[in-house]
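One structure below.
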Amino acid sequence: MLILVSGGSASGKSKYAEDLVVQAPPGERIYVATMQVWDEESRRRVERHRAMRAGKGFRTEERPVHLDHMSVPAGAVVLLEDLSNLTANEWFGSEGREGAEERVLAGIRKLKAESACTVVVTNELFSDGIRYDQETADYLSALARLNVAVAAEADQVYEVVCGIPVCWKGA
């Protein structure tokens, strides 16, 4: 099973995604962390997410790039946090843009195939009305294409708005 959870910044999407994993059938819970820590703000965000999942039985796997190289045990329940960071890491990383979307999508498909359930968190970054430089605009276009591709393959798709999950696909 593949579930996509989207929402804006601080919408409650991460908490909702964690709740989905906790409510999933029993299996090893794996939190796939994609954020690269560059500064104090990112350190605070990582700590906040660690505190949110404390006591919920997650094993954390740091995977900022090459999700397609990761394997999980059969029956595992996986939370990928998040697609936006993973895409940025691949897009702006040492291997460059060429093949970045394919690498990300291949990794998600691999997790889906190996796990009992994979929950992917993504961000809604497209309605702020800001005109970005071309490099950032290209990244946002890549993320949008990946969001569409993952949503198409997902069994369930949710958007979290003001802490309220709205189901767009599945039950």
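The values are calculated or read from the model by the stated rules, or taken from the named source; none is laboratory data. Nothing here was measured: the structure is a model prediction, and the numbers come from that model. Glycine gets a Cβ as well: all are built from the backbone with ideal geometry, and neighbour counts include every protein chain shown. These accessible areas exclude ligands, DNA and RNA; they are computed on the full protein's heavy atoms, side chains included. Shrake-Rupley method; radii C 1.70, N 1.55, O 1.52, S 1.80 Å.
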>> Scan segment 48-62 and tell me whether some residue there is among the aliphatic types (A, V, I, L, M) and open to solvent by less than 30 Å² (accessible area, probe 1.4 Å).
In response: no
> Residues A76, A142, A171: which one is over 17 Å from S14 (Cβ atoms) and open to solvent by 20 Å² or more (accessible area, probe 1.4 Å)?
Replying inline: A171
>> So, in segment 23-43, how many residues would count as being among the β-branched types (V, I, T), assigned to a loop (DSSP other than H, G, I, E, B) and at pLDDT 80 or above?
In response: 1
>> With the requirement that a residue be more than 23 Å from G27 (Cβ to Cβ) and either β-branched (V, I, T) or within 14 Å of the chain's Cα centre (by Cα) (or both), what does segment 75-100 give you?
In response: S84, N85, T87, A88, N89, E90
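Restricting segment 113-143 to residues that are under 13 Å from the mean Cα position of the chain (by Cα) and outside any strand (DSSP E or B), which is modelled with the lowest pLDDT? Talk me through it step by step, then tell me what you get.
Kept after step one, since they are under 13 Å from the mean Cα position of the chain (by Cα), are these residues of segment 113-143: 118-124, 143.
Of the ones still in play, those that are also outside any strand (DSSP E or B) are 122-124, 143.
Working: T122: 97, N123: 92, E124: 88, L143: 95.
Out of the qualifying residues, it is E124.
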> Taking segment 1-43, which residues are on the phi > 0 side of the Ramachandran plot and out of contact with any strand residue (DSSP E or B) (no Cβ under 6 Å at 6 or more places or on another chain)?
Replying inline: A10
>> For the list (1) at pLDDT below 90; (2) in a loop (DSSP other than H, G, I, E, B), I need the number of the one condition that G75 fails.
In response: (1)
> What about V46, is it among the β-branched types (V, I, T) and at pLDDT 90 or above?
Replying inline: no
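Yes/no per residue for (1) surrounded by 15 or more Cβ atoms within 10 Å (Cβ to Cβ); (2) not hydroxyl-bearing (S, T, Y):
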position: S94; (1), (2): no, no
position: L111; (1), (2): yes, yes
position: V120; (1), (2): yes, yes
position: L125; (1), (2): yes, yes
position: R131; (1), (2): no, yes
position: A152; (1), (2): no, yes
position: E159; (1), (2): yes, yes
>> Cβ contacts < 7 Å: first residue closer than 17 Å to G93 by Cα, restricted to segment 126-143; second residue open to solvent by less than 50 Å² (accessible area, probe 1.4 Å) and of a type in the set (F, W, Y), any location; separation 6+ or different chain. Result?
In response: Y139/W91; A142/W91
>> With the structure loaded, tell me whether A17 is touching a Pro at 6+ places or on another chain (Cβ under 9 Å) and surrounded by 18 or more Cβ atoms within 10 Å (Cβ to Cβ) or whether it fails that test.
In response: no
>> Please go through segment 28-37 and give me each residue that is closer than 25 Å to E102 by Cα and either more than 16 Å from the chain's Cα centre (by Cα) or surrounded by fewer than 19 Cβ atoms within 10 Å (Cβ to Cβ) (or both), ordered by number.
In response: Q36, V37
